[in-house]
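Derivation of every value follows stated rules applied to the coordinates shown; laboratory data play no part. All values reported here derive from a predicted model rather than from experimental measurement. We place every Cβ from the backbone using ideal geometry, glycine too, and count neighbours over all the protein chains shown.
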Amino acid sequence: MELYDFATAMGMTVEVMGKGKNNKIDYECNPDTVLEEATRRKMSPKMLCAFKDGTKTMVEMTAMCNYTGLVPDVIGGHGPKTAPGTEGVKELNELFKLKEDGGILNKHGVVEYVNGIAPGVFVTVSTPNEEIAYQMQYHSMGPGPLWTLYRPYHLCNLETPLSVAKAVIDGEVTCVAKDGLVAECITRAKIDLKAGQTIDGIGGYTTHGSICSAEEANEKGYVPFGLVTNKAVMKKDVKKGTLITYDMIDLDKTTLIYQLRKEQDAMYGRYVL
């Protein structure tokens, strides 16, 4: 958000906002397959599994959407691969052009993740202002029409106290939703699932999260991943890779998050649980 605010304050348009990912997504991993690595790294196996199966990345991109009004270009994102570090950053200006201009995107104003530039975060920007465009070239940021601003680190839990301090001491928010719900982290089957089967949620054996525009999620009835708990039961057989819809699953309706989501949906006139 610091990069986003910095870019927009200079009069630039953020065309792509995202993060690096330091390993290829493994949709089939589970707490057992990552146990050895998790033990070595002093982590919860469920947490490491949520990193590796992409759920954490999808949650982060969904948050970026709802803080900025940006949307995913496609369900799950493109996840292009680049060279590591700053060398990979140089590739983004070309990768993030529209398809008709030789890039990978259907539209701009999107979030994305990149394999290769981890652990950094970035915004790829454009500008209609000729003077700003000239200055970006003058400052060796590339020929345009896209330029990437990159921070080569993302310190997660170490940065969290700064947001707390800003809120408490300065009354300043780090992130706040601007346009209501514009993206969802929805639920995808990690394995073949059977009717009557009890499934689990984040970092588990049966499902993982994927990003989707809120408009499409509402239209097709995709289940927000946060609502899937270890008391959710399948109503139908579904194949691995299927996006789970409300008619496929019985959710645990006793949870606080279910009740809050029900209120939220009613507030915004979206899919009412």
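Things worth noting here:
- In order along segment 118-131, the phi-based Karplus estimate (6.51 cos²θ - 1.76 cosθ + 1.60, θ = phi - 60°) of 3J(HN,Hα) comes to 5, x, x, 10, 8, 10, 9, 10, 9, 7, x, 7, 5, 5 Hz; Gly and Pro are listed as x.
- Fluctuation leader among 175, 49, 156 - the chain, Gaussian network, Cα springs under 10 angstrom: 156
- Candidate lysines - alpha carbon under 16 Å from residue 97, same-chain residues fewer than 8 apart omitted: 81, 107
- Segment 105-114 - phi-based ³J(HN,Hα) in whole Hz, Karplus 6.51/-1.76/1.60, Gly and Pro as x: 9, 7, 7, 9, x, 10, 10, 7, 10, 10
- Here the 3J(HN,Hα) profile of segment 163-176, calculated from phi with Karplus coefficients 6.51, -1.76 and 1.60 at θ = phi - 60°, is 5, 4, 5, 4, 5, 6, 7, 9, x, 10, 8, 7, 9, 8 Hz, Gly and Pro shown as x.
- Among 165, 118, 83: highest mean-square fluctuation, GNM of the chain, C-alpha pairs under 10 Å: 165
- For residue 116, distant residues with modelled amide H under 5 Å away: 21, 82
- Degrees separating the helix 55-68 axis from the principal Cα axis of the chain, which is the longest one: 60
- Reachable lysines from residue 236, criterion Cα separation under 16 angstrom, eight or more residues apart if same chain: 190, 194
- Helix 85-95 axis versus longest C-alpha principal axis of the chain: approximately 90°, rounded to the nearest ten.
- A cut-off under 15 angstrom between Cβ atoms defines the neighbours of residue 142, and their net charge, with Lys, Arg +1 and Asp, Glu -1, is -3.
- Rounded D (µm²/s) - segment 159-273, Kirkwood Rh over Cα pairs, Stokes-Einstein at 25 °C, 0.890 mPa s: 159
- When you restrict to C-alpha pairs under 8 Å that are six or more residues apart and normalise by the size of segment 1-135, the relative contact order lands at 40 percent.
- Nearest 10 degrees, 0 to 90: helix 256-268 Cα axis against the chain principal axis: 60
- Across 183, 133, 63, mean-square fluctuation computed from a Gaussian network of the chain (C-alpha pairs under 10 Å connected) peaks at 133.
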